[in-house]
Amino acid sequence: MKTLRSIAFIGLMAGALFSCNKNNYNTQPNTNATDEAADLVTASISANSQGSLNGFSDMTLSSETKIKIDSVCGTVWTDSVNRSIPFTTTGSYGYSYKANYTYALNCTNGVFNHSSTSTSTYSGSVRNAILSSTFTGSSNITISGLGVSYPAYIINGNYTRSGSFQSQTDTSYHGTHTISLTLTNVTLTKPLEVLQSGGSASFTITGNMPSKGGAFSSTGSIVFNGGYNATLTVNGIVYSINLQTGTKIKK
């Protein structure tokens, strides 16, 4: 189990970021929503918002535990998690998260090759003094490096997250979003699953903020720099992000 920390969403920049009146609904893509897209992508990965890092930790640990018991070629099993900190008064911190996982041990020429293919479906909600968010999603990843003779897990595959979000401090900052991540060689060293440098991800994000310019659509990339540090690029704008706290700094 992991303790979720508050999602640190940077406050929105005022009118200069948006050319349209906040009361107008714009059905065209809102290319001015880059900072908001960066916040949402960062939250979809970060440990403190039950992002993809938490799911990958669940799946690698479950796979490692299973092969200590049964590493027969083609073994299939399921697992689930359910963790939460109760929501109390309005504006207080809390979260809930549920996920179901399915695993299959992979083989080469009929022999277990120390990898598994893992799928998940999940749902959750998060609230703190800054933001409330509800989300669902799924993933389909391959985990390589299973077994005590391998020093790290290597993750490749896809992760999606969709949902709604609402600022606790700015009532006009709310909407919906969908994020799709493609992960390449994301590496977690054993046993503490520390992120190593060299892995990357590409992503697309679409959504709608009715009071902040309407529909938006962005693409970008993430380069993992080791530890909880990564470089996020959205629409050509570069940010340094912390995948533990969910914060970002524009370079």
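Under 19 Å of direct C-alpha separation, and excluding same-chain neighbours fewer than eight residues apart, K251 reaches these aspartates and glutamates: D35, E36, D39.
Across all Cα atoms of region 59-211, the radius of gyration (one decimal) and Dmax (whole number) stand at 18.3, 58 Å. One chain, two ends: N229 and T142. Fully extended at 0.36 nm per residue, the span grows by 29.0 nm beyond their Cα-Cα distance. Here the 3J(HN,Hα) profile of region 212-217, calculated from phi with Karplus coefficients 6.51, -1.76 and 1.60 at θ = phi - 60°, is 10, x, x, 5, 9, 8 Hz, Gly and Pro shown as x. Principal axis extents of the Cα atoms in region 124-235, from largest to smallest and rounded to whole angstrom, are 53, 28, 23. For region 33-85, the pair-distance distribution built from all alpha carbon pairs, in bins 10 Å wide starting at 0, is 20, 37, 24, 15, 5 percent.
Any read-out appearing in this document is the output of simple, stated calculations on the displayed coordinates, not a laboratory observation. All values reported here derive from a predicted model rather than from experimental measurement.
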